[in-house]
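Worksheet: one structure, shown below.
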Amino acid sequence: MSLVTRCQVCATAFRVQRSQLAARGGKVRCGKCGTVFDGVAGLVEEGLEVLQLEPSPQLGLFDPSKRSEAAEEALPEFLLREAPEPRSRLLWGLLLFLAAAVLAAQAAYRYRTEIAVLAPATRDAFAAACKTLRCKVSLPRRPDLMSIESSDLQTDPRAESLIVLNAVLRNRAPFSQEYPALELTLTDEADRPVVRRVLAPADYLGAQRTALPEQGLAAGAEASFRVTFDAGRTRATGYRLYLFFPQ
């Protein structure tokens, strides 16, 4: 059942439902001036006077034009911005492509040795690029895949102070590796070091020292060498031999 109430500000009368009055404690909004007033106190009897009834203010909630205006006002600012022009999108795409190309080039430069191992066909291209960039495509260094298969230390019969080291290196990797450095330590009866010497590849490869370091030790290959050096008056009864790659 509908009732008639009158706005206490603009004196506009309009119909309201009982449920509308009960929903907000009798408070309603005038559809003409927008004032919120006590609809119960403003109730009038029909028939006492000719009333110019205004539509219920709640009907405005179902007006499509008002709803679209409210929805538009509620949109965030970034949704109201105009779409970028095609030229702007093309420029951003070009910048993203250049950034990705620079990152790829940096990664290739940083991991050139690993890439050359996984794809041997790229080694020549990296070598050509390094001539311009003044860099070097080094061979891999995996000490865990390089081992000393055998070694022995003997005195040279020609002189007591001369010591001869014989050893065999083996590359257990499935790819070529750089020749390692060797650390030879002479020890006394108590296994205490008395002399320590580091041998670079050029020191123990002998006549082959010019070509072999650049080519490296091939996959699964072995390299034997013999080194003679003067120990002086050092009295050694044992030795230790290690391989490593200098930093």
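A few comments on the model shown:
- Matching residues, region 185-196, being part of a loop (DSSP other than H, G, I, E, B) and of a type in the set (A, V, I, L, M, F, W, C): A190
- Odd one out for T113, checked against (1) polar (S, T, N, Q); (2) in a strand (DSSP E or B); (3) in contact with a helix residue (DSSP H, G or I) (Cβ under 9 Å, 6 or more places away or on another chain): (2)
- Test: L205 is open to solvent by less than 50 Å² (accessible area, probe 1.4 Å) and under 22 Å from V137 (Cβ atoms): yes
- Test for R192: is it surrounded by fewer than 14 Cβ atoms within 10 Å (Cβ to Cβ) and touching a Phe, Trp or Tyr at 6+ places or on another chain (Cβ under 9 Å): no
- Residue within region 174-184 that is more than 28 Å from V137 (Cα to Cα), open to solvent by less than 20 Å² (accessible area, probe 1.4 Å) and in a strand (DSSP E or B) present: yes
- Residue match in region 104-113 (condition: closer than 17 Å to Q177 by Cβ and loosely packed, with under 11 Cβ neighbours inside 10 Å): no
- Strands (runs of 3 or more DSSP E) contained in region 2-49 and holding at least 2 residues open to solvent by less than 70 Å² (accessible area, probe 1.4 Å): 2-6, 13-17, 36-38
- V198 being more than 33 Å from the chain's Cα centre (by Cα) and either open to solvent by 30 Å² or more (accessible area, probe 1.4 Å) or of a type in the set (F, W, Y) (or both): yes
- Flag if R170 is closer than 21 Å to R226 by Cβ, charged (D, E, K, R) and touching a residue at least 40 places away in the same chain (Cβ under 8 Å): yes
- Every condition in (1) open to solvent by 50 Å² or more (accessible area, probe 1.4 Å); (2) over 29 Å from the mean Cα position of the chain (by Cα); (3) among the polar types (S, T, N, Q) is met by N171 except one, and the failing one is (1).
- Comparison of A159, A223 shows that the only residue that is of a type in the set (A, V, I, L, M) and not in a strand (DSSP E or B) is A159.
- In region 150-167, of all residues being in contact with a Leu (Cβ under 9 Å, 6 or more places away or on another chain) and farther than 17 Å from P201 by Cβ, the one that is modelled with the highest pLDDT corresponds to D152.
- Verdict on D144 being part of a helix (DSSP H, G or I), more than 22 Å from L118 (Cβ to Cβ) and either open to solvent by 30 Å² or more (accessible area, probe 1.4 Å) or aromatic (F, W, Y) (or both): no
The values are calculated or read from the model by the stated rules, or taken from the named source; none is laboratory data. No experiment lies behind these values; they were computed from the predicted model shown. Counting neighbours? That spans all protein chains shown, and the Cβs are built from the backbone with ideal geometry, glycine included. The area values use the complete protein model at the heavy-atom level, side chains included, leaving out ligands, DNA and RNA. Shrake-Rupley method; radii C 1.70, N 1.55, O 1.52, S 1.80 Å.
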